[in-house]
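The values are calculated or read from the model by the stated rules, or taken from the named source; none is laboratory data. Keep in mind that what you see is a predicted model, and the values were worked out from it rather than measured. Quick reminder, even Gly has a Cβ in these numbers, built from the backbone with ideal geometry, and neighbours come from all protein chains shown.
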Amino acid sequence: MISVQQQDFNIGDEYHALIQDAYSEGAVVTFVGLVRDINQGNSVKGLTLEHYPGMTEKSLKSIVQQAKQRWPLGKVRVIHRVGKLKLSDQIVFVGVTSRHRESAFLACQFIMDYLKNQAPFWKKESTEKGESWVEFNDKDQKAMQRWQK
Amino acid sequence: MISVQQQDFNIGDEYHALIQDAYSEGAVVTFVGLVRDINQGNSVKGLTLEHYPGMTEKSLKSIVQQAKQRWPLGKVRVIHRVGKLKLSDQIVFVGVTSRHRESAFLACQFIMDYLKNQAPFWKKESTEKGESWVEFNDKDQKAMQRWQK
Amino acid sequence: MNKILFFGQLKERIGCANTQVELEYPSSVAEVKLQLQQRGELWQQLLAQGNVLSAVNQTMASDETDINAGDEIAFFPPVTGG
Amino acid sequence: MNKILFFGQLKERIGCANTQVELEYPSSVAEVKLQLQQRGELWQQLLAQGNVLSAVNQTMASDETDINAGDEIAFFPPVTGG
């Protein structure tokens, strides 16, 4: 299930939804991304997340489908927030269940690596020097490319 | 922080403790292992986890220290339950925060792979055919060895 | 007639969130870009940037992607979510 | 005098959770194993298994690990936690 939303999310609730009736899935891996105080050398006070409505859901759905083709997964949950966020706020949640831990870890990483490269979100940070758009990080491209070998 | 305990744990509480005052850590990865209904071909009703008191804590502490030497981590939390568990019960929790998602994913996997090979816990499953000790899985040894290259 | 959307820094610098173009079909993302670049120096400069990404009907596209009547086209900088 | 502990399937099959041995120091895990194997056929057979792990003072050990007075020694099958 995929959600793109302004409101915050609760990890406990998301985790419980993931493991409900999951008698065969022994592994649950979750990732949460938070607003950090320092990014690319700037002191961050908060950020605004812009997105391309419709395409965000479509691209996340396609990423999750690709992950499900690669690994035997149980449930997958992706939440990405948009709008104004402040320091330490939750930005993104990816939760994956699988029969084995390796598949759960790999699928969760895969989804995050593809999300970082393909899902149409853009961060504008507010720092002491004013507002500025976050630059794409080449490390994220390399992280995605390793899945394509 | 490391806990070896009979009682259950709450993911929401553990997650909140991990992110408290974590202004610089943008990534949180958690792993939970649950009692699966099928293991090594047998239908599982529950299990008993035996451990070597004292050594479990010592070995988990050493594994966490090794992870902290390899990656720039914020907080690390490991909980492993012992005693009688039933189907779908939570067995183990590993939670890691880091500045970057790659470190958080790798450290969480590393801790689980080492725990599976080095922490002195033994599972006895209760299946329809009676009770039987779980056999060590070679896959787990291979999973650990990849970190030693 | 095709709807064109801009996002992120590109939208801000170009000073436009959405516009429309008239095309002869089948067209391509490259042709849309060329037509938009005729709108002035700023458009020309910004759309010529190598890192401008495009999507057609909300799916990542390339310069060679075909465009037909009613297709929604978007241009934006590299994404930075997550 | 050294305390010896057994865990898991090994404890169950050997029918003993803990025992004691008298050693001449410095001794080794291998010597402890040999001494325990003299307790009977079952002990001999079970401790000769290639997959029996050992720990000295709650740290994973090998046959070559030194044993001194007061060291706590444990033998157990491959671990299956997590």
Tell me, please, whether a residue that is touching a Pro at 6+ places or on another chain (Cβ under 7 Å) and within 22 Å of A:Ala119 (Cα to Cα) can be found in segment C:11-28. no
Condition first: charged (D, E, K, R), more than 14 Å from chain D (Cβ to nearest Cβ) and touching a strand residue (DSSP E or B) at 6+ places or on another chain (Cβ under 9 Å). Now tell me which residues in segment B:53-79 satisfy that. B:Lys68, B:Lys75, B:Arg77
Out of B:Val82, B:Val28, B:Val35, B:Val4, sole residue that is closer than 23 Å to D:Lys11 by Cβ and within 11 Å of chain A (Cβ to nearest Cβ): B:Val35
For D:Ala74, indicate whether it is closer than 24 Å to B:Phe110 by Cβ, among the hydrophobic types (A, V, I, L, M, F, W, C), at pLDDT 95 or above and surrounded by 12 or more Cβ atoms within 10 Å (Cβ to Cβ). no
Answer yes or no as to whether A:Val44 is farther than 30 Å from B:Gln40 by Cα, touching a residue at least 40 places away in the same chain (Cβ under 8 Å) and away from chain C (no Cβ under 11 Å). yes
Taking the condition in a loop (DSSP other than H, G, I, E, B), within 19 Å of B:Arg99 (Cβ to Cβ) and of a type outside the set (Asp, Glu), does B:Ala17 pass? no
Can you tell me which residue among D:Gly50, D:Gly8, D:Gly40, D:Gly81 is small (Gly, Ala, Ser) and away from chain B (no Cβ under 14 Å)? D:Gly40
If I go through segment B:10-25 residue by residue, how many of them are at pLDDT below 95 and either surrounded by 21 or more Cβ atoms within 10 Å (Cβ to Cβ) or within 13 Å of the chain's Cα centre (by Cα) (or both)? 1
Strands (runs of 3 or more DSSP E) contained entirely in segment A:53-129, each with at least 3 residues that are surrounded by fewer than 24 Cβ atoms within 10 Å (Cβ to Cβ) and out of contact with any His (no Cβ under 8 Å at 6 or more places or on another chain): A:73-81, A:83-86, A:121-127
Of residues in segment B:90-144 being away from chain D (no Cβ under 14 Å) and among the polar types (S, T, N, Q), the one nearest to the chain's Cα centre (by Cα): B:Thr97
When you go through (1) in a helix (DSSP H, G or I); (2) surrounded by fewer than 19 Cβ atoms within 10 Å (Cβ to Cβ); (3) within 16 Å of the chain's Cα centre (by Cα) one by one for B:Gln7, which number turns out not to apply? (1)
Can you find a residue that is more than 30 Å from A:Lys129 (Cα to Cα), without any contact (Cβ under 8 Å) to a residue 12 or more places away in the chain and of a type in the set (Ser, Thr, Tyr) anywhere in segment A:22-33? yes
